[in-house]
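Working notes, structure below.
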Amino acid sequence: MSSASPGPGSACLSGDYIVQSLKRRLEIAGRARRPWPDRPVPIALTITDLDVGGAERAMTSLALGLDRRRWSPLVVNLSAEGALAGAIREAGIPVESLGLGRRSLLRGVAGLAGALRRHRPALVQSFLFHANLLTRLAAPAAGSPWVLGGLRVAERQKGWHLTLDRMTGRMACGSVCVSGDVLRFSVERGGLDPARLTAIPNGVDPSRFDVPPADRASLGVPEDAFLALAVGRLDVQKGLPDLLDAVERAAADAPALRLAVAGDGPLRGWLEAEVAARPGLAGRVRLLGRRDDVPALMRAADLLVHAAHWEGMPNVVLEAMAAGLPVVATAVEGVDELVVPGETGWVVPARDPDALALAIREAAADRDAAGRMGRAGRGRARAEFSTARMVGRYESLWADVLGLDEGRQALPTDQA
């Protein structure tokens, strides 16, 4: 797999580069496993950008959590240098930022192929649509490493993403879906081969939320208010009209209710105008813009509200659980794998402001019950969705693809 010719399990048929499916690869590799090499296995993690977002944080947590006795990672960022690159480099992991625009396809394939050739990875794990696509196209010119994509959302807005994923799917061994719902969507709506898909959920480090709460006075929120928090990109995906309608309706029975919205995006201007124009919202809704202190905001809040219309596995819901917040979330992809209704929060239908309002009212009416749900959610996040568990699942998958026996290691004595 060190030359530019097709690697094991791949073939050139009728001009197409076809790679063995994940299911078939695991069957074959499982029959004859090799001991772990006496040096870390080179791998690469590719991602569209390294700005602060759910997928970017998940990839960063994965990179930082890897067992460096076993893996020698490289991170390749297609975009300009992002906010998370520094933390990765500080951990001794090289980062190459290619500075590409979203339309720089040919230059991007060549640049990515060059970065991969220099590192010579045995396997590449990509994250997000553009990185998935470019990694598949670059792999044949980069020594044909095994390639696994990363499907992070049930894409209901950009149909051409689904088309290109389907067209290039056989150029990768498979893809890791962030939830079972995304896997099902990718098969049923995306037309992807189920033999090339598996699911690994996000992980979270609860210690990130062991911080003092943000000062409510600085947020313009009374100390005795019931503070609901929404966090995320201000985009049509996030159901912002439903959120405002629900808060306005819930406030009629919950006068102490306040909403703080942290995030930025294309709907910010609309959101500001809507809040200012509606008497039931003016003075009740605080628009905080983009924040780098989300853990402190969560510690200051009483409830997380997530009104999305579609998702993959909402990282913000998992983070809220880790922070000890009860959650009101719409029944979109990944939520049912996180929130246990009546135990850690409320799950309501998407695009239903009345149901959203009812759940918010119930939370505000019984703060003790909401607090118990928050504590139960924190316990669930620790037990079921730790970063260590997520990293371990990726490491096991990569070892299986490479045919390496995790229990039989030939590690150098100075690293054992």
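The values are calculated or read from the model by the stated rules, or taken from the named source; none is laboratory data. None of these values were measured; they are calculated from a predicted model. Cβ coordinates were reconstructed from backbone atoms using ideal geometry, including for glycine residues, and neighbour counts include every protein chain displayed.
A count restricted to the stretch 271-293 and to residues that are over 29 Å from Val211 (Cβ atoms) and either under 30 Å from the mean Cα position of the chain (by Cα) or outside any loop (DSSP other than H, G, I, E, B) (or both) stands at 4. Looking at Ala246, Ala307, Ala273, Ala301, which is the one that is surrounded by fewer than 24 Cβ atoms within 10 Å (Cβ to Cβ), of a type in the set (A, V, I, L, M) and in the same structural domain as Arg216 (by TED's automatic domain parsing)? Just a single option satisfies the conditions, and that option is Ala273.
Conditions first: (1) in contact (Cβ under 8 Å) with a residue 40 or more places away in the chain; (2) in a helix (DSSP H, G or I). Asp405 passes all but one, so which condition is the exception? With respect to (1) in contact (Cβ under 8 Å) with a residue 40 or more places away in the chain; (2) in a helix (DSSP H, G or I), Asp405 is out only on (2). Do we have Ala139 as assigned to a helix (DSSP H, G or I) and either touching an Asp or Glu at 6+ places or on another chain (Cβ under 9 Å) or closer than 14 Å to Val76 by Cβ (or both) here? When the stated conditions are applied, Ala139 passes them. Checking Ala323, Ala256 one by one, the residue that is surrounded by fewer than 24 Cβ atoms within 10 Å (Cβ to Cβ), of a type in the set (Gly, Ala, Ser) and touching a residue at least 60 places away in the same chain (Cβ under 8 Å) is Ala256 and no other.
Looking at Ala139, Ala154, Ala131, which one is in contact with a Gly (Cβ under 7 Å, 6 or more places away or on another chain) and buried (at least 19 other Cβ atoms within 10 Å of the Cβ)? Explain how you work it out, then say what you get.
Working: Ala139 fails: in contact with a Gly (Cβ under 7 Å, 6 or more places away or on another chain); Ala131 fails: in contact with a Gly (Cβ under 7 Å, 6 or more places away or on another chain).
After applying the criteria, what remains is Ala154.
Part of a loop (DSSP other than H, G, I, E, B) and within 30 Å of Pro295 (Cα to Cα), is that true of Ile88? The answer is no for Ile88.
Mind checking which residues of the stretch 343-358 are under 11 Å from Gly377 (Cα atoms) and either among the basic types (Lys, Arg) or part of a loop (DSSP other than H, G, I, E, B) (or both)?
Here is the first cut: in the stretch 343-358, the ones under 11 Å from Gly377 (Cα atoms) are 343-345.
Matches in the stretch 343-358: Glu343, Thr344.
The set of residues in the stretch 310-325 being touching an Asp or Glu at 6+ places or on another chain (Cβ under 8 Å) and either over 28 Å from Asp205 (Cβ atoms) or part of a loop (DSSP other than H, G, I, E, B) (or both) consists of Trp310, Glu311, Gly312, Met313, Leu325.
Looking at the stretch 144-240, the helices (runs of 4 or more DSSP H) lying wholly inside it that each contain 3 or more residues that are among the charged types (D, E, K, R) and not assigned by TED's automatic domain parsing to the domain that holds Arg351 sit at 180-188. Listed conditions (1) within 29 Å of Gly312 (Cα to Cα); (2) modelled with pLDDT of 95 or more; (3) assigned to a loop (DSSP other than H, G, I, E, B) are all met by Gly99, apart from (2).
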